[in-house]
Each structure stands twice: as structure tokens, then as C-alpha cells.
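Novice: Have a look at this one before I ask anything.
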Amino acid sequence: MRDGMIPSISKDEINEMVSELAQDIERDYEGKELVLVCPLKGSVLFVADLCRKIKLPQVIDFVYLTSPRGESVRIIKDISVNVQGKHVLIIEEIIDAGRTLSFLKSRLLASFPASLKVVTLLDKPALRELAIAPDYVGRTIEDRFVIGYGMDMEEIGRNYSDIYNFAQ
């Protein structure tokens, strides 16, 4: 599968981005407990690495949403933790169009968390369809299809340690 793919972000660079994001989050939430919400499936590797670097009390929960082009967002698996009065972080591996994230953010805000912020490893604003901005960004990237570190192409490539894009 890696034929025709160009290394874009190495596992060492990813590790450094995750460490920096964890430090920023620890500084901003010192002394507080966090609820990390992981949208499945792509964010699993990122949330696993990030939660181990954040040295604050935390609860992790998972949500599985789907938003096929031209269709509304559907919930396959909802979170199970009560977020009312809690400090919630949505952990995304990448943000592009923002439709699913906007839906999830609105849904969580309806549960009255103490705070709600978005963390993303990669931000791709060129594809943004909705005015939604992450609060914590590992790196802003160009409009290129990326694969690896949780991101896939038809379920292939999620397990790659590095992030790749395709030669154009």
C-alpha cells in the first residue's frame, strides 16, 4: 500500500506534537479532571498516546458517528459518561470538512459541560465546510489526503506509525 505514498510526518514528529499538546492541556487544566471523547475509529491511536502523556485525572469515552456525503450525521455508538459539569475534550486525529465534529460538539454542549474544547493532531482548514476551529492543533496541513496513525483508506493504513500522503 505504501507504493506511491510520500512520507509526510514521521513517528518522531508525531510523538513531539502529542507531547506539546499534552503540555498545553496540562497547563490549561491544571488541577482539573478531564473527559476525553474519542471519535472512532481514526482517533484511537492519537487518544491512546495523548492520554498517557496528560498527567491529570481523566476519563476516556468513545463515540462512533458516520456522515456519508450528502447524508446527515448518524450515531452508531454514543458516549456513556455523563459530561454535565465536566471539562470535556474532543480528541480528533484530523479535521477537514467539520460536519461530524460540529454535530458532536453541539450534542455535547447540550449536556452542559463545564467546558468543551477540541484537540486535533492535524487541521486541514482548506476543506472546512462549517466555521469550526480546534482549540489545540498539532499541525495545520495542506489539502492532501493523508493515511497512517489512525487515518485510513478503506480501512487500510491505520496501523502505520508515520503519516503519508500521495504523490500528485
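Novice: Go ahead and set up a Gaussian network model of the chain, Cα springs under 10 Å, then flag whichever of Gly85, Gly138, Gly42 fluctuates most.
Specialist: Gly85
Novice: Let me ask something else. Give me the distance between the Cα centres of region 97-147 and region 57-83, rounded to whole Å.
Specialist: 14
Novice: Could you work out the relative contact order of the chain, using alpha carbon pairs under 8 angstrom and six or more residues apart, expressed as a whole percent?
Specialist: Details: 335 pairs, mean separation 42.4, N = 168.
Relative contact order, the chain: 25 percent.
Novice: If you wrap a convex hull around the alpha carbons of region 74-168, what volume per residue comes out, as a whole number of Å³? Display every interim value, and only then the final one.
Specialist: Numbers: hull volume 11.7 nm³, N = 95.
Considering the Cα atoms of region 74-168, their hull volume per residue is 124 Å³.
Novice: So which residue, out of Leu127, Leu40, Leu89, gets the largest mean-square fluctuation from a GNM of the chain using Cα contacts under 10 Å as springs?
Specialist: Leu127
Novice: If you restrict to DSSP beta bridges whose two residues both lie in region 11-142, what percentage is antiparallel, to the nearest 5?
Specialist: Details: 3 of 26 bridges.
Here the antiparallel bridges make up roughly 10 percent for region 11-142.
Novice: Okay, next question. Any idea how many Lys pairs in the chain come in under 23 angstrom at the alpha carbon, given 8 or more places apart or on separate chains?
Specialist: 25
Novice: For region 14-50, which GluC sites (Glu not before Pro) are in a loop by DSSP, counting at most 15 other Cβ atoms within 10 Å?
Specialist: Details: sites: Glu16, Glu20, Glu26, Glu30, Glu33; in loops: Glu30, Glu33.
Taking region 14-50 and a limit of 15 other Cβ atoms within 10 Å, the loop GluC sites (Glu not before Pro) found are Glu30, Glu33.
Novice: Taking only DSSP H segments of four or more residues, each worth -39500 (n - 2.57), what value at 222 nm results for the chain once the sum is divided by all its residues, to the nearest 500 deg cm²/dmol?
Specialist: Values: 3 runs with 39 residues, N = 168.
Result for the chain: -7500 deg cm²/dmol, rounded to the nearest 500.
Novice: For the chain, what is the convex hull volume of its Cα atoms per residue in Å³?
Specialist: Roughly 110 Å³ of hull volume per residue.
Novice: If I fit a long axis through the Cα atoms of helix 44-53 and take the longest principal axis of the Cα atoms of the chain, what angle between them do I get, 0 to 90°, rounded to 10?
Specialist: 60
Here, each number is a calculation from the coordinates, and none is a lab measurement. Note that this is a predicted model, so its numbers are computed, not measured. We place every Cβ from the backbone using ideal geometry, glycine too, and count neighbours over all the protein chains shown.
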